[in-house]
Amino acid sequence: LHADKGFFVCKIYRDDPLSDDDWQVILVDDRIPCTADGNPAFARNVDPSVYWVMIMEKVFAKYSGTYEAMQGGTVVQGLEDLTGGIGYKFDLTKDCPEKGGVKQWIPKGHTPGRLWDEIMEKMKTEHVVGCTCTTKGEPRPQTTAKGILLNRAYCMVTGGDFEDNKLMRLRIPLDENGNAKEWNGKWSDDSSAWNSRLRQMLHFSKSSNDGTFWIEYEDFCKHMTKVYMLSL
């Protein structure tokens, strides 16, 4: 880090079978492409003093060749590039032939099973856990009506069994205006399912645009299609 001199030295992880060191060292200056109104043209934070996201974007642009060449890739690949960890993905839509076509990770009726156990195990260890609802262009009106954005990655902050309720707390990044569209179903900020004990137990904070919300496991299974995990 040499911000006072106008440049930054960063590392991204890329597997190189010909090298013992898979960390790629990238040097970039602090000049950021801007629009005609003087705002950053691409990634930016609502707080103008937060600068690191623009620098990391420039690092990836330099490594890729151009900003345009950065398009594409996967969530798992991005996590691995940033951390050097081992990432993997669970496709919740796939059937398991050995079980007669039953969903591999979500049992019939969305009862707790392999997926819930896997998520809870990873949440207790050195893992990053996330999810998304990917549609490949197909509309999902029942999902969007509940406030879930399609083809956007959500971070899983925490989760567990609370008074016989299997709950998960998710977070989505704020938009450029500092707002976020959140889940509006059961256990959302305005849900009547909350009681005083659970509010206190889970440090519940009612904020409709902070990007974080609670959702129960059954609804999670209905609306999410992929789960991402990365071992740090």
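Odds and ends about this structure:
- Temperature 20 °C, viscosity 1.002 mPa s: under these conditions the Stokes-Einstein estimate for the chain, based on its Kirkwood radius over C-alpha pairs, is 107 µm² per second.
- For the chain, excluding the exposed loop sites themselves (GluC sites (Glu not before Pro), DSSP loop, at most 16 other Cβ atoms within 10 Å), the longest remaining stretch covers 1-125.
- Using a Gaussian network model of the chain in which every pair of alpha carbons under 10 angstrom is joined by a spring, one finds that among L150, L198, L115 the greatest mean-square fluctuation is at L198.
- GNM result for the chain, Cα springs below 10 Å: residue of C221, C34, C131 fluctuating most strongly: C34
- Ordered by solvent-accessible area of protein heavy atoms (1.4 Å probe), largest first, the residues D161, D210 come out as D161, D210.
- Only lysines eight or more places from K206 in sequence, or on another chain, were considered; those with a Cα closer than 28 Å are K122, K124, K146, K166, K181, K186, K222, K226.
- Whole-percent carbon and sulfur share, accessible surface of the chain, 1.4 Å: 50 percent
- The local environment of T125, defined by Cβ-Cβ distances under 14 Å, has a net charge of -2 under the rule Lys, Arg +1 and Asp, Glu -1.
- Translational D in µm²/s for the range 118-196 (Stokes-Einstein at 4 °C, 1.567 mPa s, Kirkwood Rh from C-alpha pairs): 91 µm²/s
- Most mobile listed residue (V75, V128, V28) in the chain, GNM with C-alpha springs under 10 Å: V28
- Global geometry of the range 156-232, whether rounded, prolate or oblate, following the gyration tensor of its Cα atoms and the 1.5 cut on a/c: oblate
- Solvent-accessible area per residue, Å², over the chain with all protein chains present [probe radius 1.4 Å]: 59 Å²
- Within straight-line reach of K136, meaning a Cα separation under 17 Å, sit the following aspartates and glutamates at least 8 residues removed in sequence or on another chain: D91.
- FRET efficiency, 1/(1 + (r/R0)^6) with R0 22 Å, evaluated for V53 and D22 via beta carbons: 0.40
- The local environment of R152, defined by Cβ-Cβ distances under 11 Å, has a net charge of 0 under the rule Lys, Arg +1 and Asp, Glu -1.
- Sparse-neighbourhood loop sites, trypsin sites (Lys or Arg not before Pro) in the range 1-74 - DSSP loop, at most 11 other Cβ within 10 angstrom: R31
- DSSP-loop trypsin sites (Lys or Arg not before Pro) across the range 145-203, with at most 14 other Cβ within 10 angstrom: R152
- On the principal axes of its alpha-carbon atoms, the range 129-168 has extents of 37, 20, 12 Å, going from largest to smallest.
- Antiparallel bridge percentage (DSSP; both residues within the range 1-72; nearest 5): 100 percent
- Here the contact order of the range 147-232, divided by its residue count and restricted to Cα pairs under 8 Å and six or more residues apart, works out to 31 percent.
- Rounded to the nearest 20, the size of the Cβ-charge dipole of the chain about its Cα centre is 700 debye, with Lys and Arg at +1 and Asp and Glu at -1.
The values are calculated or read from the model by the stated rules, or taken from the named source; none is laboratory data. What you are looking at is a predicted structure, and each value in this text was computed from that prediction instead of being measured. Because the Cβ atoms are built from the backbone with ideal geometry, glycine has one as well, and the counts that use them run over all protein chains shown. Each accessible area value is taken on the protein alone, full model and side chains, heavy atoms only, with ligands, DNA and RNA left out. Shrake-Rupley method; radii C 1.70, N 1.55, O 1.52, S 1.80 Å.
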